[in-house]
Each structure stands twice: as C-alpha cells, then as structure tokens.
Amino acid sequence: MERNSSDDEEDHQHLIPQNDTRNRHREDPISSTATTSPRPSTFQIEDIMQRVQQHRWKISLNKRYVIVAVSLVISIGLLFLLTDPRELFSANLSRFKLDPLANRVKESELRALYLLRKQQLELLSLWNGTLVNPSLNQSANASSLGSSVLFEDVKSAVSKQISLNKEIQEVLLSPHRTANYSGGGTGVDSVNFLYDRCRKVDQNLSDRRTVEWKPRSDKFLFAICLSGQMSNHLICLEKHMFFAALLDRVLVIPSPKFDYQYDRVIDIERINTCLGRNVVVSFDQFKEKAKKNHFRIDRFICYFSLPQLCYVDEEHVKKLKGLGISIDGKLQAPWTEDIKKPSKRTVQDVQTKFKSDDDVIAIGDVFYADMEQDWVMQPGGPINHKCKTLIEPSKLILLTAQRFIQTFLGKNFIALHFRRHGFLKFCNAKSPSCFYPIPQAAECIARIVERSNGAVIYLSTDAAESETSLLQSLVVVDGKIVPLVKRPPRNSAEKWDALLYRHGIEDDSQVDAMLDKTICAMSSVFIGASGSTFTEDILRLRKDWGTSSMCDEYLCRGEEPNFIAEDE
C-alpha cells in the first residue's frame, strides 16, 4: 500500500533536529542545488571545504608513515652492515643482567666468614689442649713423651691455622682477579707451612748395633717357647735367634706337635735367605740330620728359675719325649731369675752362662728375658741381615692383606686393636687400669682420627657385637660417623682371600690372627691395646717395615678409665 505525502510530512515533523540535519548533509549537493536553488549556500561550501582538507591530511599522514618505515629499515640495515650482531645483542642483554662481580664478592665474603669461624674454633681447641695436666703421665719418660706429643700437636695445629688463613685470603681476593692476575702478594706463598702431624718415624738405621750370625753347622739350639699365645711365641722366637747368634748355633724351629705350626704364618726359609746362609732349620730337617748321630738334647738350660724351672711343666717334657727326643740330664738354671722381676742382662752374661760344647742345647723360656733391650727393640732387630725384618708374615698372608686393603680400606686408614675378651680382669689388676668404657674409648679414637684425617678404621678385635656396635655409633668426627671395618665372613663373590682358600689355610685361627696383624702393620696410623703382646708384635712389624707413625699410640694413652669396678 502506497503512502501519501501527508504521511511523510507527519513523520518528518516527529524527527529530532540532529537526525534532520544529518539527513540533509547526506543529500547530494548537486541535486539539491538543482531542485532547491540555483546556487549553493554558505554552509554547504564550508562543509565541502572541510571534507577536502580532511582528505588531504589523511594522504599527508600516510606519506609520513611510509617515510618513517623506510628510514627505519635503512637504519637497521646499515647497523647490521657496520656492527657484529652478536656483540650488539650481548651488549644490550648485559644491561638486563645482575652484576656478576657483586655476586662473587658476596659469596667470597660469606665463605671467608665461615672459614674465620672455623679458625676461631680450632684455635680455641688448641688453647684448651695446652691445659692438659702433665701429672697424668706416670714417669719421667712418660712426662717427656707427653710433652713431645703436645709439642707435635701444637706444631700441627699452628700449621693448619696458617694454611687456613692463607685460604681465607685467597677466597677474599678471588673476585678481584682478572685473566692477567699473576698471583702472589700474601707474603707467604714461597713458604711451605704444610706439617704432617702423623708423618712416618725416622728409624735412624745408620745407628743400629748388630751382631753377626755365623753358626757352626753341627751345633744346634732348640727353641723352647711355652708362655702365652702365638704373639708371645713369635717374640720368644726372635729372642732365641739373638741367643743362637751369640752362641754360634743353628736354631731349631719347634715341631707343631709341641708348639704352633710356624710355617703356616711365617716363611722360615726366608730367614736363611736374609742371612745368606743356613741359620734356622725345621724340626723335621733337624731330625733327619740327627739320625746320623743322635736325636737328643744334650743340655737343657733354664733362663728363669722361678716360679718353676724353664717355665716348663711335666706335660711339655712328656711331649718332647713323645717326639722321640731324649733329654740327657736334668733341667738346670745358671742363675736365680724370677719371671715376675726379670733382671737386666748383657751379651757377656749370656755368652758366659750359656756357652757349651754340647751339640744340642735347649734354652727356655726367654719371652720374659730382659737382655739388651736396646738392641732387641731396634728396627730390624739385633742381628745383621739384608732384609727389613727376619720374622714377618708369609707371602700368602702378605698378599691377602694387600688385597683386603685395596678392596675395603685404601691407602689412608687407621688400624685399631681393640682387646676386650679376658681383658677386664687383667687390666684392673694393673695400675692404672687399661680397660676403658666404650664411650671414653670412642672419644680417644675420635681425637686420633681428627689428628690423622683417616677416612676409615680397620677394627681388629675379640669384642662382642654389642660392644662394637656401640663403639661404631659413638666414633663421630665433624658430625659424621667414622666407619669401623672388620673382615667379613667368607663370600665366594669376593676374591681378596682366594689365596688362603686355594692353599687350604682359610680356617686356621693363627693364620687369621697373623692376617689381622699384617693389615694393622700396614696402616697409616695404629692404635694399640696397652699390655697386649698382639699389639706389641704389630708395633715390632711397623718399626721394622718403616710404617710407624708419629700418631701411633695406645688407646687413651695418659688417661685412666673414668669408671673402674671393684675387685672380687
């Protein structure tokens, strides 16, 4: 349906003025001129001019954008042509990074503060250590030894503090060093302040006093060693060698039916090699030679007369006779000598009292003999020979010990002989006692670990598991438990002990004991049990092998147990 003009006019009257004006602007000015008036109005001309100016401004603005964009592209191109892009980006990125020198300085200062604190604590420990009461040592020799040990401790501690001070200087200087830094400037770089507190003992082998052992091939000395266990017998055997050398006799090693089976733990033939002549024979070799003449002991001489002659009872005499040996005459002693109070004897005393023209003599027991101890205790012993020591573990035991050390311990380890079984009553009968409570023993061990910087402890002990477990938990240095290592049970996957099994001596208790001694003798530092001949034989090996350390000592030396039980 068509709308008439009256409807349009009515609608037009209802429009708001703004819409009316906008509609008029949208009309074509030419058609409007043709229909309404022959010439444009002033408002229409202004509107046209305004639109033309806006159009020109848009064109001008677009040109500017183009020019700026082109200029930017050209500039970037020139910049890349004239500059290495990597240097450009690294230079710009460095502005956003933190200053590395400041970080290094801060870290160095914190490290230096830590080291200074450590130095302070160690100096305090050194100060407190100088307050040790010298009266703890029981004799003049012990006092001298205690003073020497304290002096060594002070030298070692001062050396460590000088090194620590130098380290602090290095830490503080490190952030300021450049690629061209030449070092120096501390004033002490040319001086070596390293001081090995646990260095090896100088044995002074050039000062040895020795005798030649050149025996007559038809004169024999039968060794009698009966007191104690294997360690006592080995010490007794070494003294018998000294007697044989002084009396120009060949030493007869006892039969395993009368004594221990020595050839399982020591190399007897090696003794002859060290001397370059036959100076010792086994019992079987002696028996073979004696058949041509007579198989008997012509004279039985007792070194000790008290508490009984020769320290030999009727049972051992029967054992000797059971070997087919006849004993001519009775047991006799050339002097009055008590085992409990042995007198100091000289070379001349022995040569005078034990000299004999008999073919075979026996001397027993000389373990407690106090004869030329300065000679006996020398490195290598009192006899001139070309080896380090005459009595040492067999080759099989030596190799097994080395393999165990390579497997479990390494070069720098501490060895501890911790004797407990049967030691409580034995030690409490002495003054002072040598049996220490586990916590006190752990403190003594920890001090030696700190002094020696040992990484691990080899434990040779007869103690119960309850005692060793407690000891392990208490040996703590710098907040860390120091491992205690014992020889483990047989394991076919481990090959360190294969030699013993291959030769069928793996279950021999004396072989096990000698293996323990050998491992302890090879340690960097050794802690022994006072009053134990097992410890004394280890110290003998260390002395002869040159492995003795300035830190070797008896457990809790100079201290008394902090608790001692009453007597029965």
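The values are calculated or read from the model by the stated rules, or taken from the named source; none is laboratory data. Remember, predicted model here, so these are calculated numbers, not experimental data. Note: ideal-geometry Cβ built from the backbone for every residue, glycine included; neighbour counts use all protein chains shown. Heavy atoms of the whole protein, side chains included, go into the accessibility calculation; ligands, DNA and RNA do not. Shrake-Rupley method; radii C 1.70, N 1.55, O 1.52, S 1.80 Å.
Accessible surface calculations at 1.4 Å, restricted to protein heavy atoms, place segment 457-521 at 49 Å² per residue. Carbon-plus-sulfur fraction of the accessible area of segment 310-377, 1.4 Å probe, in percent? Here it works out to 46 percent. Once both labels are positioned 7 Å from their Cα atoms along Cα-to-Cβ, the gap between Asp263 and Arg104 label points is 7.1 nm. Looking at segment 368-412, the accessible area is 47 square angstrom per residue; that uses a 1.4 Å probe and ignores ligands, DNA and RNA.
To put it simply, the accessible area of segment 433-551 at a 1.4 Å probe is 53 percent carbon and sulfur.
Residues Tyr368, Tyr260, Tyr436, Tyr114, sorted by accessible area with the largest first, give Tyr114, Tyr368, Tyr260, Tyr436 [1.4 Å probe; ligands and nucleic acids excluded]. Legend: translational diffusion of segment 355-503 by Stokes-Einstein, Rh = Kirkwood radius over C-alpha pairs, 37 °C, 0.692 mPa s; D = 170 µm²/s.
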